[in-house]
Structures are given as structure tokens and as C-alpha cells.
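Below is one structure; the comments refer to it alone.
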Amino acid sequence: MSIMERVKLTFTMAGRILNEVISFFVFTILDVLDFLLCYIYRVIDFIVEAEWKPCYCSSVKQTITSSGTILVSESKIVCLTSSSSSCNKLQLEEISDTLYTRSSLVSEVSKSTMNELKRLKLENAAPILKRGTLRQTFTVNSSIVEMLQGKIGGLKSNIVPRWSDCDCKTCNSWTASSKDSLFVHVDGAKENVQENVIFIHGFISSSEFWTETVFPNFTKATKSKYRLFAVDLLGFGRSPKPNESLYTLREHLDMIEKSVLEPYNVKSFHIVAHSLGCILALALAVKHPALIKSLTLLAPPYFPTPKGEEATQYMMRRIAPRRVWPVIAFGASLACWYEHVSRTICLLICKNHRLWEFLTKLITRNRIRTYLVDGFCCHTHNAAWHTLHNIICGTAGKIEGYLDMVKNRLKGKVTVIHGEDDELIPVECSYNVQSRVPRARVTVVKNKDHITIVVGRQQAFARELEEIWNNNSTSN
């Protein structure tokens, strides 16, 4: 080993140790801060909205299965009953355990204290339990129970934004519409439509990620043949942002079907998806394998789970490693680990996004478009929090099954594109996809990261997509 290599290795090791030490202190402070913010928000919520709002810091409580309001069976199906005796079923498997089991210094101390109190309580109650009978119970996190109870009431608070969310016309444009559907930007062919393409954006983004980049760069020939759909996912952009939604995989897929496939009578389609959108794309492809013409995934977040690991928890640690460097990993850690810190960030940035857009235009003298800022800011904390956990973390154990279904049942081409410098979702994820779907073609673009895989190379990317679609049509 040369001297230069030794020096480089030494600096690398020193930097890694420094990152570990600083991260420990920073995230310990954030653990305490999130704990304090929990109580601060409870007080403010009660003052402003006249009611306590559930959060995932709450300890679990037992829901009696014979209560008549919420029935929880061993198969983990929740039955919500209203006065009309109708039953709305929701799979608890769709609710990620990472919502309420995120280890931290404060949570571990609280947990050990509560466990000791419960032990003492059970010891005192033991003689009584021996004389009586114990009713069957199933433990469910209290905030989930309260949110499910909110669904029984018809989602009364869906339309009115919370005090900490933005109330501007753009963010709440969905409240003025009588349609219960996503915002869909439709471009391309209007008559003699030959093929359809659905674009699905990633986390805290919007349809403008596509419409402001690749859409203007498609050729006239492409736009005369293909009908292009770019959706704002549920809870993002100009789509509905229901306060009581848990933003599960089923809810996201149902809204895409109800907003695109059904009203536009889409019988077959290509899919282009980025980051979190890749998970929805895979789930949609598995649900409608016969309709898929091709599947193009950009930076798919697929980390195979090691044996003995819990898939959801492993995924959370991979995408949000509780490290201050790189910066994008620090941001992901804030969003994933801290319910109340992330709500504070949404309060400062999303609620005041018009101010940030104005300052951006002022500083840059209006020389750059602010669509990335728009997409980053136009969502609610509830939507971002639940989508992050229930889609990215919650589906971690299902991705292998999805990929196997794609390999065995999907006839269209599968293309995976990744930026070489992506620090959030490493390139290995794309090769992990290829290991499950050997016919998938992986392209790694040099000097591009999680965003610049599209932004900044939109013309080249548009040509790549046209080639994929045309080749697929030729092969079919």
C-alpha cells in the first residue's frame, strides 16, 4: 500500500469516526427535543383545535375484540362498524410497525419505566385475575385506534387543514372539487391514442417533477402517439390531503386506479417511476400484470433483508441511518425517526412555502423555476409521515414477492436507471432488483445523484424513454 493510499484510508477512517461521534450527540439531542415537542403540540392542538390529536409516542392500549366498535381478529383484519352497520375492512399489515417502534434514548428509558410499572400492576392484579375470567384482547397502538375511529365518523376533519398545515389555494385546491380523485396532468395524444404512460413521482415531490422536465422534451411524434399521465400522489401536490388517512399502499393504489385507469379507460400502459414511486409502480404492475407494456424504475429503494432481521426496521435503518452526513441522509433521518421534529420542519417550510418561493425568486432574480421547491413544500406532515413509513418501510417485506411476480408474469421490458452519485438510495439497490429480475436492464449514469438523474438531463432521459417504449412496441 502506497503512502497516498494510507493517508487517504486514515482520513476516511477519521471522517467516519467523527461522523459517528457527532451523530450520536446530535441525535441524542433530537431524541429529547422530539419528546418535549410531543407535549408542546398536544397543548397547542388542544388550544387551537379543541381536541387532543393522537401521535405515535402514545403507549399502546388494548382494544377489546367484543367492543362492537373496532373488532380485531387473529388474522389482523380490523372491522369498523358504524350506525348503518356497514363494515370497512383495513389490513393491519398495511400499517408499518416503524410508526410506533423507533428506538431512541428517551423511548428506551420510557419503555423500561412503563414495563416495570406494568409488572408491578400485574403482580397486584394477579389474585383478582385468578378469580375472574380474562377477555381476549389484541394490542394496537392507540393512535392507530383513534385514527380508525375517526374513519367511522366519516372523516369529518378531512377538508379543513390543520393549524400547522398550509391553507393556501394551491395546497387546498382539492377541497373546491366535487371529485374524489388525484390531480392528474394529461399531455400528449388526445385523438387516436395508441399507448398510455403513467408517471409516478417520489417522496415529497409532485407531478411537476415530470411535467417541468421530460414532458417538454418529448418529440412531436411521441406526443402524437402516447398519452402521458403524471399524477400527484395522495397527500402531495394538488391532490387530496385527508387528515385522517393512514396513506397505506391500498389507499395510494386505489386512488391511482380511480383517477387514471377508470376515468380514462386505460387498457394498457407503460410505467415510469422514481424512488418511492417505484414501490407503487411494482405494486400496480403486480395487480395488473396483463396491462403493463413496460416498467422503468429510477433509483428503486430495494434492500434485501438479511436473515433474522425485521424487514421494516432494516429498511428504516438503511434509508434513515441517523447520521449527520451525508446531508440527504440526515434529512431522511429527521423525516423518518422524529414525528414531532418533522412536523416542526413542515410547519416552518411547508406552511410558509410561499415565502420561500418568493425568496428563491428574489435571490436568483427569477432566473430559475421553482417547481422542485413547490413539490418539496406542497404536502402535509400527516401525508409525508404516513407515506414514508407505510410505503417505504411498510412494504419492505413485500418487495421480493413483487419482483418475483414481475419476473414470472410481466411480459413487458423492465429497465432500471440509477445515478452513480446517489447518496440516499445507493446503486446497489438497482443491482438488487436485477438479481431478482435477471432480464431487467440496469443503466448507471455517471456524475448524477437522486435528483439529477432526471433534472439537468431531461432531454437525454426523454430520448431514453422513447427508445424503451418504441423498442417494446416493436418486440410486441
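The values are calculated or read from the model by the stated rules, or taken from the named source; none is laboratory data. Predicted model only: the values in this text are computed from it and were never measured. Positions of Cβ are backbone-derived with ideal geometry, glycine not excepted, and every protein chain shown enters the neighbour counts. Surface accessibility is based on the protein's heavy atoms, side chains included, excluding ligands, DNA and RNA. Shrake-Rupley method; radii C 1.70, N 1.55, O 1.52, S 1.80 Å.
Pick out, in residue order, every one of the trypsin sites (Lys or Arg not before Pro) in the stretch 359-398 that is DSSP loop and has at most 11 other C-beta atoms within 10 Å; say none if there are none.
365, 367
How long, wide and thick is the stretch 288-396, going by the Cα atoms along their three principal axes, in whole angstroms, largest first?
Taking max minus min along each principal axis of the Cα atoms, the stretch 288-396 gives 52, 39, 25 Å.
What ranking of 334, 233, 355 comes out by heavy-atom accessible area, probe 1.4 Å, highest first?
From most accessible down to least: 355, 334, 233.
By how many nm would the segment from residue 33 to residue 264 lengthen if fully extended, with 0.36 nm per residue of separation less the alpha-carbon distance?
78.4 nm
Residue by residue through the stretch 254-270, what is 3J(HN,Hα) from phi via Karplus (6.51 cos²θ - 1.76 cosθ + 1.60, θ = phi - 60°)? Round to whole Hz and write x for glycine and proline.
Karplus-based 3J(HN,Hα) across the stretch 254-270 equals 4, 5, 5, 5, 6, 9, 10, 4, 6, x, 9, 6, 7, 9, 7, 6, 8 Hz.
Largest first and in whole Å, what are the equivalent-ellipsoid semi-axes of the stretch 352-415 based on the Cα gyration tensor, each being the root of 5 times an eigenvalue?
Calculated on Cα positions only, the semi-axes equal 38, 18, 7 Å.
Loop only per DSSP, at most 11 neighbouring Cβ atoms within 10 Å: give me the trypsin sites (Lys or Arg not before Pro) in the stretch 193-290, ordered by residue number.
Passing both the DSSP loop test and the Cβ count: 267.
Are there GluC sites (Glu not before Pro) in the stretch 329-429 that DSSP puts in a loop and that have at most 16 other Cβ atoms within 10 Å, and which ones?
420, 423
Work out the FRET efficiency for residue 163 and residue 16 from their Cβ-Cβ distance, taking R0 = 25 Å, and round it to the nearest 0.05.
0.05
Please compute the length gained on full extension between residue 24 and residue 310, using 0.36 nm multiplied by the number of residues separating them and subtracting their Cα-Cα distance.
Length gained between residue 24 and residue 310: 100.6 nm.
Could you please report the charge total around residue 289, scoring K, R as +1 and D, E as -1 over all other residues with beta-carbon less than 13 angstrom from its beta-carbon?
Local net charge: +4.
Using R₀ = 56 Å, calculate the FRET efficiency as 1/(1 + (r/R₀)^6) where r is the Cβ-Cβ separation of residue 470 and residue 47; round to 0.05.
About 0.40, to the nearest 0.05.
Sort 27-33, 313-319 for me by packing, meaning the mean count of neighbouring Cβ atoms within 10 Å per residue, highest on top.
For the peptides 27-33, 313-319, the packing ranking is 313-319, 27-33.
Would you mind pulling out the separation of the Cα centroids of the stretch 414-476 and the stretch 244-269, in Å?
25 Å
Would you mind putting 302-308, 411-417 in packing order, based on average other-beta-carbon counts within 10 Å, highest first?
Going by the mean number of other Cβ atoms within 10 Å, highest first, we get 411-417, 302-308.
Describe numerically, in nm with one decimal, the distance between label points set 7 Å from Cα along Cα→Cβ at residue 431 and at residue 175.
Spacing of the two 7 Å Cα→Cβ label points: 5.0 nm.
Can you give the net charge of the other residues whose Cβ lies under 13 Å from the Cβ of residue 413, counting K and R as +1 and D and E as -1?
+3
Can you give me the accessible area per residue for the stretch 336-385, using a 1.4 Å probe, in Å²?
52 Å²
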